[in-house]
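Attaching a single structure in structure tokens format; questions to follow.
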Amino acid sequence: MATSGLVTMTPSSIASTGTGNSSSINTNGSVTFSSCATLSLNGVFTSSYDNYMIVGRLLGTISTGARMTCRLTIAGTPQTAGTYTSQYFDADSTTISASRATAIGRFFNQIQTYWSGASVYMFGPYLAQQTVWRTVDSYGRDGGRIIDSGVTYSDSAQCDGISLSTSSGEVSGLITVYGFNQ
Amino acid sequence: MAIKPFEITTVYPDGTKETRWSTPEETAQREADLAQFEADRIAREQAEAEALAKRESAKAKLAALGLDADEIAAILR
């Protein structure tokens, strides 16, 4: 009987930019990166799995905060044929705000000079259908503030990777992609 | 603001590295992304400022009706 669980997806390659950036693929398949303005993980989605979990811990260089957005990629090329639409909500003590934006695929929502953590559930990137993902972030400031987002990508191309891009500054951390063996 | 071509470093699982300059398309895409990020940030901050102003206005009107600070806080919680 097949075992259910999470399977680490080792990238076939990674690509990064940014002043003084460095990145490496660890022996366990995770990716360590430093001072990156962009980071691409190639070959992490395959026909073996439909759905994925991406876990990151992140440290940025901008005290007022930045974020990383995502484009799906095919063989390292970011996909723009479809539309990325992001719904977002932010619960900060008793204040809740929300917004929707097109042309942006929110991924990691709050990166500051405090360590943050996020998990992203991505559904069907390698299937010939729309891809959707959902992110939950928390970070080490403001006492448990929740920032949550859901994203759709309207095109049905079969994508094998992600390209992450910072809105400002550079980001360091660790990221791992897991396939759901369902 | 126009940005210059930037280096892209590709790393493979065996540790092999390749470095190349961004193509004109990649440079233009990054420039467009940064412009989009800035526009989105400005729009979000404006929306937050408007929401805060409305909240303060509502608190002032509630106070004018005779509610004390605790009652106003309870309503707005």
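The values are calculated or read from the model by the stated rules, or taken from the named source; none is laboratory data. Not measured: the values here are computed from a predicted model. Here the Cβ positions follow ideal geometry from the backbone for every residue, glycine too, while neighbour counts run over all protein chains shown. Surface accessibility is based on the protein's heavy atoms, side chains included, excluding ligands, DNA and RNA. Shrake-Rupley method; radii C 1.70, N 1.55, O 1.52, S 1.80 Å.
Does segment A:63-89 hold any residues that are surrounded by fewer than 20 Cβ atoms within 10 Å (Cβ to Cβ), among the β-branched types (V, I, T) and closer than 24 Å to A:R100 by Cβ, and which are they?
The answer is A:T64, A:T80, A:T83, A:T85.
Also, quick follow-up: State all residues of segment A:123-138 that are farther than 18 Å from A:Q79 by Cα and surrounded by fewer than 23 Cβ atoms within 10 Å (Cβ to Cβ); if no residue qualifies, say none.
A:R134, A:V136, A:S138
Any chance you could count how many residues in segment B:33-57 are more than 9 Å from every other protein chain (Cβ to nearest Cβ), under 30 Å from A:Q79 (Cβ atoms) and either of a type in the set (A, V, I, L, M) or surrounded by 11 or more Cβ atoms within 10 Å (Cβ to Cβ) (or both)?
So the count comes out to 3.
Determine which single condition B:A2 fails, assuming it passes every other condition in (1) more than 10 Å from chain A (Cβ to nearest Cβ); (2) closer than 18 Å to A:I104 by Cβ.
Every listed condition holds for B:A2 apart from (2).
Mind listing just one residue for me: the one in segment A:23-48 that is open to solvent by less than 20 Å² (accessible area, probe 1.4 Å) and farther than 23 Å from A:F180 by Cα and, of those, nearest to the other protein chains (Cβ to nearest Cβ)?
Across segment A:23-48, the extreme among qualifying residues is A:S23.
Test B:A60 against the stated conditions and say whether it is aliphatic (A, V, I, L, M), more than 12 Å from chain A (Cβ to nearest Cβ) and in contact with a helix residue (DSSP H, G or I) (Cβ under 9 Å, 6 or more places away or on another chain).
no
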